[in-house]
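I have placed the structure first, in the form of structure tokens, so that the comments after it can refer back to it.
The values are calculated or read from the model by the stated rules, or taken from the named source; none is laboratory data. The model shown is predicted, which means the values in this text are computed figures rather than measured ones. Note that we place each Cβ from the backbone using ideal geometry, even for glycine, and neighbour counts take in every protein chain shown. To get the accessible areas, we keep the full protein, side chains included, count just its heavy atoms, and leave off ligands, DNA and RNA. Shrake-Rupley method; radii C 1.70, N 1.55, O 1.52, S 1.80 Å.
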Amino acid sequence: FRLRPARCPAASRAMAAAGGGGAAACPPRVDILATRDVGAEPCFLLRLTQHGAAEASYFLKRFSELRALDGQLRAAAATRTWASEGAITSVPALPKQGAFGLRRALSTVGVGSFSQRQVETLTAYMEEVLKQIPSIAADPDLQEFFRGIESADVADMTGDQYDKFISDGEVMKEMLLELRSGRASLRAIEGYWRIEGTDALWQVEASGRACLDGTHRGEDCDVAVSEEDGARVISCPTGWRVDLDRSTDQKVRWTLPGHADIVWVREETSVAQERIRKLLTVRERLKRLGTVTIH
């Protein structure tokens, strides 16, 4: 089952400013957002992004469908040489089905590390496959896998097939709702956040005003909630926006086409406030000595 593509206006504008195109430089990407058992078989909520993240589609795929795709890709790769440009010539090992026995969104706090590692292995599998092609259209097997169901397909369905089509659609909508519930608000992002891999601390106030290490960096860094194409978006004027599908109440992922993601990790309020207090004290002392200039 597939949900129709959602255009990202900000991403589209950024690509246009860079000269359009972008397919060759930005291979397609698949994120595994959540998984649950449906009919005793693990199913995955996949998000396909193409053209520099300007377009996203959502799919519900069973493990048996992934296994069938793996077989098709391997058969096709066996007929190609390593020098085949723009084609899949190497297919990594597909994780075994027994590894996926969880019924929760991957972003939920408390997911077991073993299960997380297995899904990360599947994500790495998709990355390894997709990085070899400029777009989904370059491979007929992938194109069919991500084609989705059109009106003509529905008209030709049997009763059982139609029931499965409707049921899968409801399951996917439920999974998306669980992922996004309560996240698209300033309240969800209010608080203190450490930039992953650094000691830098951002504070987002209830109004959206944002401070880095205790200093307001201007309106360009402030956070706001808006609505685009019927969906709520958390972003700042510089074009960075929160990837709601891959963020949680403890970790926020910021994205901007053409840039590496920035990840914020929630910091305990008392710890963050004490660190900022010490930092500001040191800055003030250095300022009095004329050692630094505070901007």
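Of all lysines in the structure, the ones whose alpha carbon falls short of 21 Å from that of Lys96, not counting any fewer than 8 places away in one chain, are Lys61.
Ligands, DNA and RNA excluded, the heavy atoms of Val119 present near 0 Å² of accessible surface to a 1.4 Å solvent probe.
For segment 163-295, what is the charge dipole size about the Cα centre, in debye to the nearest 20, if Lys and Arg each add +1 at the Cβ and Asp and Glu each add -1 at the Cβ? Could the numbers behind the result be given before it?
On the way: 21 positive and 24 negative charges, 181 e Å.
Charge dipole of segment 163-295: 860 debye, to the nearest 20.
Specify which residue in the list Leu177, Phe146, Ala188 is farthest towards the positive end of the charge dipole of segment 143-193, using unit charges on the beta carbon of Lys, Arg (+1) and Asp, Glu (-1), about the Cα centre. Sorting the options by dipole projection puts first Ala188. Ligands, DNA and RNA are left out, and with a 1.4 angstrom probe the accessible area of segment 171-292 is 57 Å² per residue.
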